[in-house]
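Asks: Before I ask anything, let me first share the structure, which is written out below as structure tokens.
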Amino acid sequence: MFKLGIADISRSLAAGEFSSEEITTAYLARIKEKDKELNSYITLCEEQALAQAKAADTNRANGDAHLLTGVPIAHKDIFCTAGIKTSCGSRMLDNFIAPYNATVVENFNQAGVITLGKTNMDEFAMGSSNETSYYGPVHNPWNKELVPGGSSGGSAAAVAAHLCPAATATDTGGSIRQPAAFCGLTGLKPTYGRASRWGMIAFASSLDQAGTLTRSAEDAALMLNVMAGHDPKDSTSIDIATEDYTANLNKPLQGLKIGIPVQHFAEGLDAEVEQNIRNALSEFEKLGATLKEISLPNSHQSVSAYYVIAPAEASANLSRYDGVRYGYRCEDPKDLEDLYKRTRSEGFGTEVKRRIMVGTYALSAGYYDAYYLKAQKIRRLIKNDFDNAFAEVDVIMGPTSPHTAFKIGSQTNDPVTMYLEDIYTIAVNLAGLPGISVPAGLVNNLPVGLQIIGNSFSESHLLNIAHQFQQATDWHTQTPEI
Amino acid sequence: MEWETVIGLEVHVQLATNSKLFSGSSIEFGAEPNTQASIYDLALPGTLPVLNKEALKMAVKFGLAVDAEIGMKSVFDRKNYFYPDLPKGYQTSQLDFPTVGKGSLDVTLQDGSIKTIGITRAHMEEDAGKSLHEDFHGETGIDLNRAGTPLLEIVSEPEIRSAGEAVAYLKKLHSLILYLGISDGDMSKGNMRCDANVSVRPKGETEFGTRAEIKNINSFKFVEKAINIEVERQIDLLEDGGRVVQETRLYDSEKNETRSMRSKEVANDYRYFPEPDLLPIIIDQAYIEEIRTTLPELPDAKRQRFIDQYKLSEYDALVLANDLTTASYFEDVVAVCGNAKLSANWVSVDLQAYLNEAEIPISESPVTPELLGGLINKITDNTISSKIAKTVFEAMLAGEGDAEKIIKTKGLKQVTDSGAIEAMVEAVIANNPEQVEQYRSGKEKVFGFFVGQIMKDSKGKANPAQVNQILKDKLSN
Amino acid sequence: MSISANDIAYIANLARLQLSEAEKEEAAASFANILALIDQMQSADTSDLEPLSHAIESSQPLREDIVTEKNQREDLQKNAPKCEKGLYLVPKVIE
């Protein structure tokens, strides 16, 4: 039962092979048993999940069911869930009970999808290893000494360890795709504006995007069908009609033009990872695609620009955590400044404080033009690079990460080493494009991820390409021993 | 040394929308604390802004009314600072790309001359909440009902040269926003607030002196006083060899002084950057033209029309057109009676005197335009004299009914029967032979005596014109 | 580019963060590396380029001017650390 993806569970529920209550109960029991070693959940929503499951079973019996009614999933703890603690991986929100649902959560609730729990994450989504969480690091199910990637490390580990069949996640610079690569999952980051940000706790508003971690492209398509759509509560949500993202899954790839950016195969890429990616590309050729070397000449600037823009936006987004209206507040503040400073210093972890400081610096008097404005111009350069590339090719492919998962604690000394983890994924967020990471091999029994980048609103095509690859290969069905 | 004052004003006007700038909370005044503070207003994690359509319309409307460049692309920015009445830790405002750019306002000064004062810009922004300092065991209570209320900040060029000009500019602005219906302009509720940037320089100097910003000025009277006292302070300082410091000062109306607000000077590094939760506002010419069609007749145009259409004097036209309600009242009176000159006099003199004394706005006047027009009709059709009309007006204010009814019950109808007047004239002539003799021997001043006697006898009801005519005839015989 | 202890103190104050001596030292060290990373931007020729603050280049949507929010004070103040008479309490604010 735990090997099933959401498409399979949906079929089984419809066929009456098991009830939503049965599978939900089974998952809750499995999480309690197995998650001690992984730490992938922050909050388990036992009571609510069972109530939702019973209601789902009733609705299904009455013929009043969405395709996913009764399917259990987990939500990254960055999405507000009414009446349930929503911590964003931070001490600052350890006591915060969200009084409302994020639109993404609401959409799943409306579809009758069950919330098993809230998954662990890097604090305020700032990290690439899930080591910055107030609730402790998450362990990679493939090897518990390794990180699962971040910031959606809890969601990735939970799906990989079969502690849920699918999970929501968010991606600001690679936070869905890199954990997908490290845990052997399909990770979809849709176009900026495709899914609502309402109720999704902000890290960097112009880059954050909700997406999915699943076991297959087909599952991702089913999840996106529920998540995507215009939300009048989010001014950056795009009012373009959604589509049935499963509709094109079976289209053949004959004639597909794939761009291979030389910059994503340059120095720093692990040789064995590269080999796996090259093998995957050959697989696409067999499916009828053609490969074309392309250049994204400014891609080396993306990490630099990102580490100005994201911290700048974050520095303002995180000013609201002041101990006045909700969240952590320091003991016995002696005056207002003391309230602010101690609340924020005690409530935020090191990496969050570091990024607030960097962002504050980049925006401060005298530095704005040299840092913030320059970074926005580089962002333009990067977007232009992609526009030029998409004039020649349909999609762009390369490795998601330069290497496989690394050891917990091995990269905590220098933040910059960690920042460079996202070297292949960050540019996609700066340009607002959709991207997907699919399993494409194993190196020393650790998953390798292939990143496929599409033009804006090409999710349907990306899912088609990923699905066709998954029909031809079985990397996505490989699972760790848990 | 002779000094010149340089003033620039920043006026915050609360826009008369139903809901807040970026949330669906009510902005009604006087609600229980924090009952109009939604999850967005409280800056709960994950909440996002969506701009109020009306606020944008009102900003553009104002821009068109002051002949300003309208930003075809305007951008909201975050202005970052920590304060408990600012829940997000930043104020959403507009810096480099405001909705309203350069414009101007014609202001009538005390001597009747007109001065054009440049408007630098006007931008939309959110208001902050309120801090309450009483009754919380030495702590401060925060009410966020006002947080997020839409404001239009209107910034003038430093072209104002005296406190009097500043007041004239403010009054004109006040008149304009009421005309446009974009704010109630109620200064007592803080719905129109003014900060003044004040500096002085030796007359003839072209460089600006160092300015101080005076905050918290909440009436026309205080604007004048605060500026005057600040100018005095700066001149004294400079003449004593001191320097003016660029700073924010608070006007204390009780002590009539400005004092430094050092607490606000710390960390004045606002780190503005484009609000990433909002895309730019892009508007087209069609949108602007659509709003232009909704513009009402503005004060200057109305004043000119009053002069052209009703042949009013410059002064009467200015007084009447300045306030929209007064102007409409006046035109309603004219519609009833058709006599513009008398209508203007009655509205701007008699009615205004009463309203000033009673301290009520014209909208609450017990005498409606209908009633006043009816009264004027009774003057023009000779039913009563102008003098008797004042008595009728008094009765109207007391709620005794319309002119017709009051004249009837009080028996105030003018005597216009020439036979009756002749009889009164003859009686007065017969009873005062001495005065008749004086008049006939050339002492024409005595004429007034006869008129007075007749009016006294008739209790003021004799038609004065008829009395004059008949008296003249009889005396010259 | 390096950053002085004064700069660190200035930024920490702007951001309302209180750093211990050890944290300040750590901040200065990591800042040096981060600034080296972001200063790589300076090598790019960006003259004639419009800054891009959003990947989406359309106009923002507008909301009807309707009151949609109800009073939720009681519910919302359950999350508040300190409240009295419906107000959020903070240490005395000096104007």
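The values are calculated or read from the model by the stated rules, or taken from the named source; none is laboratory data. Only a predicted model underlies this, so the values are computations on that prediction, with no experimental measurement involved. Heads up, the Cβs are rebuilt from the backbone with ideal geometry, glycines too, and the neighbour counts pull from every protein chain shown. The protein model used for the area step is the full one, side chains on, heavy atoms only, and it has no ligands, DNA or RNA in it. Shrake-Rupley method; radii C 1.70, N 1.55, O 1.52, S 1.80 Å.
Asks: Going through the DSSP H helices of chain A, which span 18 Å or more along their own axis at the Cα atoms while scoring at least -0.5 as a mean Kyte-Doolittle hydropathy?
Replies: TM-like helix candidates: A:302-317, A:350-363, A:459-472.
Asks: Can you give the helix-only mean residue ellipticity at 222 nm for chain C, where every DSSP H stretch with n ≥ 4 adds -39500 (n - 2.57) and the sum goes over all residues, rounded to the nearest 500 deg cm²/dmol?
Replies: -10000 deg cm²/dmol
Asks: How big, on average over all directions, is the shadow cast by the Cα convex hull of segment B:418-476, in nm²?
Replies: The orientation-averaged projected area of the Cα hull of segment B:418-476 comes to 3.4 nm².
Asks: Here's something else I'd like to know. Under a Cβ-only charge scheme (Lys and Arg +1, Asp and Glu -1), can you give me the dipole magnitude of segment A:351-418 about the Cα centre, in debye to the nearest 20?
Replies: Computed about the Cα centre, the dipole is about 380 debye.
Asks: What ranking of C:2, B:418 comes out by heavy-atom accessible area, probe 1.4 Å, highest first?
Replies: C:2, B:418
Asks: Then there's this: Give me the accessible area of residue B:332, 1.4 Å probe, in Å² rounded to the nearest 10.
Replies: About 80 Å², ignoring ligands and nucleic acids.
Asks: Starting from a Cα-only point model with no solvent, please compute log10 I(q)/I(0) by Debye for segment B:25-167 at q = 0.13, 0.19 1/Å.
Replies: -0.72, -1.10
Asks: Show that you can apply the helix-only estimate: for chain A, add -39,500 (n - 2.57) for every DSSP H stretch of four or more residues, divide by all residues, and state [θ] at 222 nm to the nearest 500.
Replies: -11500 deg cm²/dmol
Asks: Sorted by accessible area with a 1.4 angstrom probe, largest first, how do B:270, A:100 fall?
Replies: Correct descending sequence by accessible area is B:270, A:100.
Asks: Ranked highest first by average number of other Cβ atoms within 10 Å, how do A:62-72, A:254-264, B:359-369, A:434-444 line up?
Replies: A:434-444, A:62-72, A:254-264, B:359-369
Asks: Residue A:94: net charge of surrounding residues, Cβ under 13 Å, Lys/Arg +1, Asp/Glu -1, itself excluded?
Replies: Summing Lys and Arg as +1 and Asp and Glu as -1 gives +1.
Asks: Rounded, prolate or oblate, given the Cα gyration tensor of segment A:405-469, with a/c below 1.5 counting as rounded?
Replies: Oblate, because a/c is 1.5 or more while a/b does not exceed b/c.
Asks: Could you please report the charge total around residue B:175, scoring K, R as +1 and D, E as -1 over all other residues with beta-carbon less than 11 angstrom from its beta-carbon?
Replies: +2
Asks: Let me ask another. Which positions within segment B:270-287 get 10 Å² or more of their accessible surface covered by the other protein chains, compared to the chain by itself, with a 1.4 angstrom probe?
Replies: Buried by 10 Å² or more upon assembly, which counts only protein chains, are B:271, B:272, B:273, B:274, B:276, B:277, B:278, B:279, B:280, B:281, B:282.
Asks: Just tell me how shielded B:79-88 is by partners: mean number of partner chain Cβ atoms within 10 Å of each residue's Cβ, no decimals.
Replies: 6
Asks: Taking every DSSP beta bridge that has both residues in segment B:3-290, what percent is antiparallel when rounded to the nearest 5?
Replies: 95 percent
Asks: What is the helix-to-structure angle for C:21-38, meaning the angle in degrees between its Cα long axis and the longest Cα principal axis of chain C, kept from 0 to 90 and rounded to the nearest 10?
Replies: On a 0 to 90 degree scale, this one is about 70.
Asks: OK, next. Within the P(r) computed for the protein assembly as shown, what percentage of the Cα pairs occupies the region above 39 Å?
Replies: So the portion of pairs separated by more than 39 Å is 55 percent.
Asks: Below 8 Å between Cα atoms, with a sequence gap of 6+, how large is the relative contact order for chain A in percent?
Replies: 18 percent
Asks: Something else now. Excluding residue C:81 itself, what net charge comes from residues whose Cβ is under 9 Å from its Cβ, given Lys and Arg +1 and Asp and Glu -1?
Replies: +3
Asks: Could you compute how fast segment B:299-410 diffuses translationally, taking Rh as the Kirkwood radius over C-alpha pairs and applying Stokes-Einstein at 37 °C with viscosity 0.692 mPa s? Give it in µm² per second.
Replies: Estimated via Stokes-Einstein, D reaches 234 µm²/s.
Asks: Also, I was wondering about something else. Just tell me which lysines come within less than 18 Å, Cα to Cα, of residue A:407; anything on the same chain fewer than 8 places away is out.
Replies: Of all the lysines, those that pass the test against residue A:407 - Cα under 18 Å, at least 8 places apart if same chain - are A:144.
Asks: A follow-up question, please. Enumerate the whole-percent occupancy of each 10 Å bin, from 0 to the last occupied one, for all C-alpha pair distances of chain B.
Replies: 4, 15, 21, 20, 15, 10, 8, 5, 2, 0
Asks: Right, here's the next one. Which is farthest toward the positive dipole end of the protein assembly as shown among B:93, A:371, A:440, measuring Cα position about the Cα centre, with Cβ charges +1 (Lys, Arg) and -1 (Asp, Glu)?
Replies: It is B:93, whose Cα lies furthest towards the positive end.
Asks: Once whole DSSP H runs in chain B are found, which of them have Cα atoms spread over 24 Å or more along the helix axis and a mean Kyte-Doolittle score of at least -0.5?
Replies: Helices passing the filter in chain B: B:163-180, B:220-239.
Asks: What are the extents of the Cα atoms of chain C along their three principal axes, listed from largest to smallest and rounded to whole Å?
Replies: So the extents along the principal axes, rounded to whole Å, are 54, 45, 26.
Asks: Probe radius 1.4 Å, ligands and nucleic acids left out: which of B:20, B:387 has the largest accessible area, and how do the rest follow?
Replies: In descending accessible area the options line up as B:387, B:20.
Asks: A follow-up question, please. Hey, can you grab everything whose amide H is under 5 Å from the amide H of residue A:112? Only 5+ residues off in sequence or another chain; H modelled, so Pro and N-termini drop out.
Replies: Residues meeting the amide H criterion: none.
Asks: What do you get when you divide the Cα radius of gyration of chain A by 2.2 N^0.38 Å, with N the number of residues?
Replies: Output field value: 0.92.
Asks: Continuing with this model, one more query. Not counting ligands, DNA or RNA, and with a 1.4 Å probe, what is residue A:223's accessible surface area in Å² rounded to the nearest 10?
Replies: For residue A:223, solvent-accessible area is about 0 Å².
Asks: So if I place +1 on the C-beta of Lys and Arg and -1 on the C-beta of Asp and Glu, and nothing else carries charge, what would the dipole magnitude of segment B:3-290 be about its Cα centre? I want it in debye, nearest 20.
Replies: The calculated dipole for segment B:3-290 is roughly 140 debye.
Asks: Roll a 1.4 angstrom probe over the protein heavy atoms and tell me the percent of accessible area of segment B:183-330 that is carbon or sulfur.
Replies: That share works out to 48 percent.
Asks: Here's something else I'd like to know. Just to be sure I understand: of the beta bridges DSSP finds with both ends in chain A, what percent are antiparallel, rounded to 5?
Replies: Among the beta bridges of chain A, antiparallel pairing accounts for roughly 70 percent.
Asks: Three principal axis extents, largest first, for the C-alpha atoms of segment B:1-74, in Å?
Replies: Result, largest extent first: 56, 34, 24 Å.
Asks: Separate question: What number, rounded to the nearest 500 deg cm²/dmol, is the helix-based mean residue ellipticity at 222 nm of chain B, given -39500 (n - 2.57) per DSSP H run of at least four residues and division by all its residues?
Replies: Rounded to the nearest 500, the figure is -12000 deg cm²/dmol.
Asks: For chain B, with every protein chain kept in place, what is the accessible area per residue (1.4 Å probe, Å²)?
Replies: 44 Å²
Asks: Also, quick follow-up: For segment B:284-346, take the convex hull of the Cα atoms, compute a quarter of its surface area, and give me that in nm², please.
Replies: If you wrap the Cα atoms of segment B:284-346 in a convex hull and average its projections, you get 4.8 nm².
Asks: Another question about this same structure. Take every residue in peptide B:21-29, count the Cβ atoms of other chains within 10 Å of its Cβ, and give the average of those counts.
Replies: That average works out to 3.
Asks: Roughly how much of residue B:117 is accessible, in Å² to the nearest 10, using a 1.4 Å probe?
Replies: Looks like 0 Å² after rounding.
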